[in-house]
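The values are calculated or read from the model by the stated rules, or taken from the named source; none is laboratory data. Note that the structure is predicted; figures quoted are calculated from it, not measured. So basically every Cβ, Gly included, is an ideal-geometry build from the backbone, and we count neighbours across all protein chains shown.
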Amino acid sequence: MNCPLYIRSVPTQGELKFHYTVHTSLDVVEEKISGVGKALADQRELYLGLLYPTEDYKVYGYVTNSKVKFVIVVDSSNTSLRDNEIRSMFRKLHNSFTDVMCNPFYNPGDPIQSKAFDSIVSTMMVQAC
Amino acid sequence: TKRYSSESRENNSELFTLTYGALVTQLCKDYENDEEVNKQLDKMGYNIGVRLIEDFLARSSVGRCHDFRETADVIAKVAFKMYLGVTPSVTNWSPAGDEFSLILESNPLVDFVELPDNHSNLVYSSLLCGVLRGALEMVQMAVDVRFAQDTLRGDSVTEIRMKFIKRIEENLPAGDE
């Protein structure tokens, strides 16, 4: 079941192309998390770093220990976003996601429709662009 | 006697919040009607309140309140602090002194909660109304308790309105609802 629980892009037109990029990046994520031996898997870092470069984009990945995957796609021309800023974005996403899960009205697996989550993502995207 | 250190309060509160959330959503599934869920939560709260008052009186050793203003202060500064770790402010007294508001800046029951659109009539924290009503009944006070504002429903604060109805005669037995 690999449909995204949440997808947002700025600007909003051309969102479909991001669906495709994100979907193909899932294969790279799977590769990265299954490619380590059992001992290393226990210490695996959540942040996966740059998944793969394309002509237009840089794609970053992050996977929780519960196998929830976060993907951030950034325009290649954006050279000002540093690695530690991407890490911090993933941490914020992870924390917001945890809050969504704690909403008793949210059913795991449903698309995320939380206003709080939307607002964290909006703020992050404004800061990054 | 139990001691509620601030550390144990933090470790307990997520489980408490999630447990209450599970209770409310289960009631929503069982009754499929917000008004009915509100009623059930209030009833449960009442059953908690008639028992909780004993624990409260034993642990807080507050004496008998002389008037409703004292009751309000004890509820806000002692009871809410003891059980929910928050201290609402007491305001909006009616001219007759028989009605006041508790304003909660934060409410641990609703941490992380977002009401979906199809539950616009749900008063999520209705349990609290019942608790207050049941507890006060055991000290011979009949009160009416309702939510006047609710942050979950878009208001800026959560406001509980409490109204003194009458003194209850001591020989009337109070039972479960």
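A single entry from A:63, A:71, A:100 fulfils the requirement of being within 11 Å of the chain's Cα centre (by Cα) and farther than 18 Å from residue A:10 by Cα: A:63. Anything in region A:103-129 that is of a type in the set (Ser, Thr, Tyr) and under 15 Å from the mean Cα position of the chain (by Cα)? List them, or say none. Scanning region A:103-129 gives a single hit, A:122. Condition check: among the β-branched types (Val, Ile, Thr), within 14 Å of another protein chain (Cβ to nearest Cβ) and out of contact with any Cys (no Cβ under 7 Å at 6 or more places or on another chain). Does residue B:158 satisfy that? Criteria not met by residue B:158. Going by the structure shown, is residue A:68 surrounded by 11 or more Cβ atoms within 10 Å (Cβ to Cβ), farther than 30 Å from residue B:23 by Cα and more than 14 Å from chain B (Cβ to nearest Cβ)? For residue A:68, the condition - surrounded by 11 or more Cβ atoms within 10 Å (Cβ to Cβ), farther than 30 Å from residue B:23 by Cα and more than 14 Å from chain B (Cβ to nearest Cβ) - is not met.
Within region A:92-119, being more than 22 Å from residue B:125 (Cβ to Cβ) and basic (Lys, Arg) holds for one residue alone: A:92. Filtered by the rule that a residue be in a loop (DSSP other than H, G, I, E, B) and touching a residue at least 12 places away in the same chain (Cβ under 8 Å), region A:68-95 gives A:68, A:76, A:78, A:81. Would you check which residues across region A:71-129 are within 11 Å of another protein chain (Cβ to nearest Cβ) and farther than 30 Å from residue B:119 by Cβ and list them? Matches in region A:71-129: none. Among residues that are surrounded by 18 or more Cβ atoms within 10 Å (Cβ to Cβ), among the aromatic types (Phe, Trp, Tyr) and either farther than 23 Å from residue B:111 by Cβ or touching a Ser or Thr at 6+ places or on another chain (Cβ under 6 Å) (or both), residue A:117 is included.
Would you say residue B:101 is within 14 Å of another protein chain (Cβ to nearest Cβ) and of a type in the set (Ser, Thr, Tyr)? No.
This table checks each residue for (1) modelled with pLDDT of 95 or more; (2) of a type in the set (Val, Ile, Thr); (3) more than 22 Å from residue B:135 (Cβ to Cβ); (4) touching a Gly at 6+ places or on another chain (Cβ under 8 Å).
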{"position": "B:7", "(1), (2), (3), (4)": "no, no, yes, no"}
{"position": "B:14", "(1), (2), (3), (4)": "no, no, yes, no"}
{"position": "B:26", "(1), (2), (3), (4)": "yes, no, yes, no"}
{"position": "B:29", "(1), (2), (3), (4)": "yes, no, yes, no"}
{"position": "B:40", "(1), (2), (3), (4)": "yes, no, no, no"}
{"position": "B:56", "(1), (2), (3), (4)": "yes, no, no, no"}
{"position": "B:73", "(1), (2), (3), (4)": "yes, no, no, no"}
{"position": "B:78", "(1), (2), (3), (4)": "yes, yes, no, no"}
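For residue A:83, the conditions (1) of a type outside the set (Val, Ile, Thr); (2) over 16 Å from residue A:7 (Cα atoms); (3) surrounded by 15 or more Cβ atoms within 10 Å (Cβ to Cβ) are fulfilled apart from (3).
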